[in-house]
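**Q** Quick one: structure below, then a few questions.
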Amino acid sequence: MKTKQLRVNRDYPILYLLPAFAVLFILIFLPLVTNIVRSFSVKDAFPTLENYVDLFHDKQYLNDLKNTFLWLLYTLPFEMILGLFIAVLLNMKIKGRKIYRTMFIIPWVLPASVVCIIWKWMYNADYGILNHILMSIGLIDQYQLWINSATQSLACQAAVYVWKISPFVMIMYLSGLQNISEDIYEAARLDGAGWLRQVFQITIPLLFPVMRSVILVSTIWSLNSFVYVYSITGGGPARSSEIAQIFIYKTGIQQFQFEYSATAANVFLVIVMVIAFIYLQFTQKREDNLV
């Protein structure tokens, strides 16, 4: 009997995956289908496109989408550049390299909510340490509003996100750098290539497969940075830093407009999927050429 059961499991390995598929169905597929159905519902009417028509005429949602892409512009390039720069430095044979690696990883291991609270205190216009330090060294002559300014708030919160996520980017790049043979750099140095030339002509091209994955993951994370904006300002002041995720949360959870919130979530999901698809198609050709 046991032999027969083992033969069945060996012939049908899908049986081992059924528990995982069941969890995915309950936690992902079922809510997604429910969300789609809700978006086409208005009171007793179904199906209807009224929610979608209203959404694309909703100036607040369109402004939040603009803020979301501004957030991506403020975060992605800087975390990629900063992570690569630190990874290149920590890949060099310097004294205390292990200590530096441990220090740079601290922001990543800290809980996001703790990071947001600390930076919120630091940004405080009245008693925040950031204003105190900058005034002490003469970089500013008056207190800055930081997150309390409608023009500065989103960028200031993006800086927190970059500080938090850059160590992850650094780890990924560092793992890729350690797979690049030192002989390649030695040959480049013999040809007279300096450090900067080695970075652009050796490091970055050979890191492209890792970079491709890191950029995709970081883009998706950046577009779903609900906890950072909500924990620091909640989208304020006056909704000036509100992003799409905050709009979805406020509309559904606080205002109980579940159908409208589901519509906003579906539109945003499609936008993220389109961005990911275009990015993968665009970078696949580059990676194939490297191979």
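**Q** Can you give me the three principal axis dimensions of the chain from its C-alpha atoms, in Å, biggest first?
**A** 75, 74, 38
**Q** Assuming R0 = 22 Å, can you tell me the calculated FRET efficiency for the pair Asn63 and Val274, based on Cβ-Cβ distance, to the nearest 0.05?
**A** Rounded to the nearest 0.05, the efficiency is 0.65.
**Q** Next question, about the same structure. Under the √(5λ) rule applied to the eigenvalues of the Cα gyration tensor, what semi-axes describe the equivalent ellipsoid of the stretch 174-245? Give them in Å, descending.
**A** Taking √(5λ) for each Cα gyration eigenvalue gives 41, 13, 9 Å.
**Q** Shifting gears a bit: Choose one answer from Phe78, Phe56, Phe268: the residue with the largest mean-square fluctuation in a GNM of the chain with alpha-carbon springs under 10 Å.
**A** Phe56
**Q** May I ask you to compute the full-extension gain from Trp121 to Arg189, defined as 0.36 nm times their residue separation minus their alpha-carbon distance, rounded to one decimal in nm?
**A** 19.7 nm
**Q** Multiplying the sequence separation of Phe85 and Ala150 by 0.36 nm and subtracting their Cα-Cα distance, what value in nm do you get?
**A** That works out to 20.3 nm of additional length.
**Q** For the chain, set up a GNM with springs between Cα atoms under 10 Å and report which of Val42, Val23, Val109 has the largest fluctuation.
**A** Judging by the Gaussian network model, the answer is Val23.
**Q** How big is the dipole moment of the stretch 144-273 about its Cα centre under a simple scheme where the beta carbon of each Lys and Arg is +1, that of each Asp and Glu is -1, and everything else is neutral? Debye, nearest 20, please.
**A** 320
**Q** To continue, here is another question. Restricting everything to alpha-carbon atoms, can you work out Rg to Rh for the stretch 1-155 with a Kirkwood hydrodynamic radius?
**A** Rounded to two decimals, Rg/Rh equals 1.17.
**Q** Ok, one more. Between Ile137 and Leu49, what's the calculated FRET efficiency when r is the beta-carbon distance and R0 is 51 Å? Round to 0.05.
**A** Efficiency, rounded to the nearest 0.05: 0.35.
**Q** With only alpha-carbon pairs counted, each pair once and no self-pairs, how large is the Kirkwood hydrodynamic radius of the stretch 130-233 in angstroms?
**A** Hydrodynamic radius (Kirkwood, Cα pairs) of the stretch 130-233 is 17.1 Å.
**Q** Over the chain, what is the relative contact order in whole percent, taking alpha-carbon pairs under 8 Å and six or more residues apart?
**A** Contact order relative to length: 27 percent.
**Q** Hey, any idea what % of the stretch 54-213's accessible area is carbon plus sulfur with a 1.4 Å probe?
**A** Result for the stretch 54-213: 66 percent of the exposed heavy-atom area is carbon or sulfur.
**Q** Follow-up. What is the local net charge at Asn148, summed over the other residues whose Cβ is closer than 13 Å to its Cβ (Lys, Arg +1; Asp, Glu -1)?
**A** 0
The values are calculated or read from the model by the stated rules, or taken from the named source; none is laboratory data. Because the structure is a prediction, the values reported are computed rather than measured. Cβ: placed from backbone, ideal geometry, glycine included. Neighbour counts: every protein chain shown. Protein only, heavy atoms only, side chains kept; ligands, DNA and RNA dropped before computing areas. Shrake-Rupley method; radii C 1.70, N 1.55, O 1.52, S 1.80 Å.
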